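Structure first, commentary second.
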Number of protein chains: 2
Amino acid sequence: MVLRVDSDRMRADFEALAEIGGTPEGGVARTTFSDAHFEARAWFLERGRAAGLATRVDSAANHSVVLPARDPEARTLMLGSHLDSVRRGGRYDGALGVLCALEVLRSVQDAGLELPLALEAVDFTDEEGTLIGTLGSWALTGELSAEILAAPRGGRDLLLAELERVGLSEHDLLSARRDPASLAGFLELHIEQGPVLERADTAIGIVTGIIGSSSFLIVFEGDARHAGTTPMDARRDAALGAAAFVLGVRETVTRDFPGCVATVGDIAIEPGSFNVVPGRARLRMECRSLDAAELDALEHALAVRAKVAADQWGLEVDVQRAGRWDPARTDERVRAAFTDAAGALGLSTMELPSGAGHDAQALARVTPSGMVFVPSLGGVSHDPTEHTAWKDCVNGANVLLGATVVLARSLQNGSII
Amino acid sequence: MVLRVDSDRMRADFEALAEIGGTPEGGVARTTFSDAHFEARAWFLERGRAAGLATRVDSAANHSVVLPARDPEARTLMLGSHLDSVRRGGRYDGALGVLCALEVLRSVQDAGLELPLALEAVDFTDEEGTLIGTLGSWALTGELSAEILAAPRGGRDLLLAELERVGLSEHDLLSARRDPASLAGFLELHIEQGPVLERADTAIGIVTGIIGSSSFLIVFEGDARHAGTTPMDARRDAALGAAAFVLGVRETVTRDFPGCVATVGDIAIEPGSFNVVPGRARLRMECRSLDAAELDALEHALAVRAKVAADQWGLEVDVQRAGRWDPARTDERVRAAFTDAAGALGLSTMELPSGAGHDAQALARVTPSGMVFVPSLGGVSHDPTEHTAWKDCVNGANVLLGATVVLARSLQNGSII
């Protein structure tokens, strides 16, 4: 008999969770350490306690609900994702993965199964990067470094202010490492956040690997001059360099790096008024690849484009790295367990890479890890209109449950890395 | 004998004025209705009173120092500019013109000349556009309209809040119109704010006309999508439209409209983060021409470029006018008076248009008006490093004085328009 989750219980929880930080547009606003974020995390632990499960919060503020094994020395199979959101986020991103993990623990417990591993449903801190991005999973795996803390995505001042406000220290974050030998594996369910599964009319995506990404701050510098009195041929207009670079990034990635993506996500002009020629343009750019060497080559090609754009318009340019997440491969046995579980449920599957970063990217470096995707309506994510059909959510939860039961047995004997 | 201003007195005043709102970088910060702006205006009236001159403040907060004629019914020859500055402005822009006007009144008085016209040195409100731009001169000429008040450059909320804060109403602004029949003319001395006089090694610029300008808010709209999971060929990236437009503006104006300028001075991206494809790009664009029909054609050509850029990248675009200042010709007799006055002083002159907007642009619509320019070091303006050699300032003041004496006599008989 194939074990199944309690769809009604999970749905009631999903609706309750979506209320926390819920916005009039139908999405959620639960940035890291916001009131709504704290409320969601407290709600999550309370739901675990209500089911008779244990809870834990580590020094990086990762929140967990635990179903212990009979053997207190047993290693742990982790399942989970994150409850934080981007500023104008949707209800599914991260939250669905945490809820499905909780539901798997409850379903195993309800079925009276005694597994040889502890199961832990985890809500990682700051996956979305209000402060750093995959902060909690990096901290848990020991990947968080003083270097990352020195140049966080949201700015050093914000990080320090927020840590102080919530009573955490950098030392706390750096102390959250779990011994990899205590972990048996990590499984994450997530919405795809892209259009591939929907277009292929496929229920379950088996993630082959998680794309690596590099981000850069790029500053073009010219001369701020009066826009009325400075002839066109006497200008060093920083916006022209920025514009040439935006189009150049597009050309390079589509022509020379098929399968990769690159994006200029922000442009800020100084001084930024009608009547002053732009003296400075600050750009945020990122690029992604499934292969580390290809990512290196793409980074280099885009830095060259920045220099070419600056030279073309007589500008200076400065290119600073803002972050790098290496690509991660998922574990072959985890992929097989997901595929088998979906097959037992009669669900269609396909293998695909993840174009988004995830907590599993950090976990994959220290323990056998894998991800299962469910379809995103129209590929929309990071938006209040983000949506996944409820049957797809339940299908995903059932695949996660089936794989958990199989993997908890097959991974019991020592680390398999 | 050629009359000359008191260089030492004017210099002492210049240094004292530059202290008001003076910044560590050597510039001034005197945005409209800031404390420093009020202080500068009070200082100006006080310097007039100290010289035994009359003062007046109208309902648009234009501040004036007046040397009356013997005949209380005599019309007025106005001289002046503005004491407000951009946020990080220089010491010369506007302030020099007000000081030279004051110095002309004192010099005429000191020389015991009895002119048949009243002379009025005026400091116009909000020339730089913290709130609206050439607000005081528009109000004085009756050009200020409810339409302009409804969509002010700095935003409607700011305008209303600032008016209330300083005890003014929109009705006050609209009531400040002076009967054109009471005006005999308007003379403005200003720094060039461009490199033309310096490059030509010429002391005095005689302004032929003031360039017209049109400003637009242009919004490109695409889809904000996850920058990792959205394939390059499934994007509607608003930054690509913005970039194509920025380069297109440059191409159109340099290729098809020589002598005109056009500038994209600001680009704001939404949501504006590393990992989201830009869904919206808001641009501030302006274009300028000395000829009203050419300005119409340029506006049209740039609007077409916006549409082409949007179509090229599959975006929507919206083009909204933010302002229009029509070009203004200066009065031939005023130009001749400036040229003659410079000749009598042995100073080199050249005719040139003004690429910047000025209060004289408004005054030229109702009374014979003209401008004299003095050289700007390196063409720099709207910057703390803005500089004009002191001898050039004094030369300009002497030209203004000489032209004032001649014009006060030649313009005495009725309006010459």
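Derivation of every value follows stated rules applied to the coordinates shown; laboratory data play no part. This structure is a prediction, so every number in the text was calculated from the model and none was measured. Glycine also receives a Cβ, built like all others from the backbone with ideal geometry; neighbour counts cover every protein chain displayed.
Can you give the net charge of the other residues whose Cβ lies under 10 Å from the Cβ of residue B:185, counting K and R as +1 and D and E as -1?
Numbers: positive: B:75, B:333; negative: B:331.
Summing Lys and Arg as +1 and Asp and Glu as -1 gives +1.
Does region B:342-385 come out rounded, prolate or oblate, given a ≥ b ≥ c as the square roots of the eigenvalues of its C-alpha gyration tensor, rounded meaning a/c under 1.5 and, failing that, prolate meaning a/b above b/c?
Numbers: a/c = 2.63, a/b = 1.08, b/c = 2.43.
Oblate.
Give, rounded to the nearest 20 debye, the magnitude of the charge dipole that region A:212-322 has about its Cα centre when Lys and Arg contribute +1 at Cβ and Asp and Glu contribute -1 at Cβ.
Its charge dipole is roughly 240 debye.
Rank the residues B:273, A:213, B:34, B:169 as a footprinting-exposure proxy: fewest other Cβ atoms within 10 Å of their Cβ go first.
B:169, B:34, B:273, A:213
Between residue A:344 and residue A:6, what is the spin-label point distance in nm, taking each point 7 Å from the Cα along the Cα→C-beta axis?
The modelled label-to-label distance comes out at 2.1 nm.
Could you check the simple spin-label distance between residue A:39 and residue B:200, using points 7 Å along Cα→Cβ, in nm with one decimal?
Roughly 6.8 nm, to one decimal.
Kirkwood Rh over Cα pairs of region A:212-322 into Stokes-Einstein at 4 °C, 1.567 mPa s: D in µm²/s?
In µm²/s, the coefficient is 91.
So for B:93, B:296, fewest C-beta neighbours within 10 Å to most, what's the order?
Values: B:93 28, B:296 14.
Least crowded to most crowded, the residues run B:296, B:93.
Starting at 0 and stepping by 20 Å, how many percent of the alpha carbon pairs of chain B end up in each bin?
26, 53, 18, 3, 0
Among B:227-236, A:174-183, how do they line up from the highest to the lowest mean number of other beta-carbon atoms within 10 Å?
B:227-236, A:174-183
Just to check I understand the Karplus step: with θ = phi - 60° and J = 6.51 cos²θ - 1.76 cosθ + 1.60, what whole-Hz values come out for region A:252-265, glycine and proline as x?
4, 6, 6, 7, 10, 9, x, x, 8, 10, 8, 9, 9, x
What distance in nm separates the simple spin-label points at residue A:255 and residue B:390, each placed 7 Å from Cα in the Cβ direction?
5.8
Angle between the Cα long axis of helix A:95-110 and the longest principal axis of chain A, 0 to 90 degrees, nearest 10?
Computed tilt is about 10 degrees.
As I understand it, the value is the acute angle between the Cα axis of helix B:35-50 and the longest principal axis of the Cα atoms of chain B; what does it come to in degrees, rounded to 10?
10
Provide an ascending nm list, one decimal, of label-point separations from residue A:56 to the equivalent residue in each further copy; define each label point as 7 Å from Cα along Cα→Cβ.
8.4
For A:196, A:308, which order do you get if you count the other beta carbons within 10 Å of each Cβ and list the fewest first?
Final ranking by Cβ density, sparse to dense: A:308, A:196.
Can you find, among B:239, B:310, B:323, the residue farthest towards the positive end of the dipole of region B:216-325? Put +1 on the C-beta of Lys and Arg, -1 on that of Asp and Glu.
Going by the Cα projections, it comes out as B:239.
Largest first and in whole Å, what are the equivalent-ellipsoid semi-axes of the protein assembly as shown based on the Cα gyration tensor, each being the root of 5 times an eigenvalue?
So the equivalent ellipsoid measures 69, 25, 22 Å along its semi-axes.
Calculate, for residue A:365 and residue B:158, the FRET efficiency according to 1/(1 + (r/R0)^6) with r their C-beta to C-beta distance and R0 41 Å; round to the nearest 0.05.
Computed FRET efficiency for residue A:365 and residue B:158 comes out at 0.20.
How far is helix B:390-410 tilted, in degrees, relative to the longest principal axis of the Cα atoms in chain B, given as a value from 0 to 90 rounded to the nearest 10?
70
Please give me the summed charge of the neighbours of residue B:197: other residues whose Cβ is under 13 Å from its Cβ, Lys and Arg +1, Asp and Glu -1.
-4
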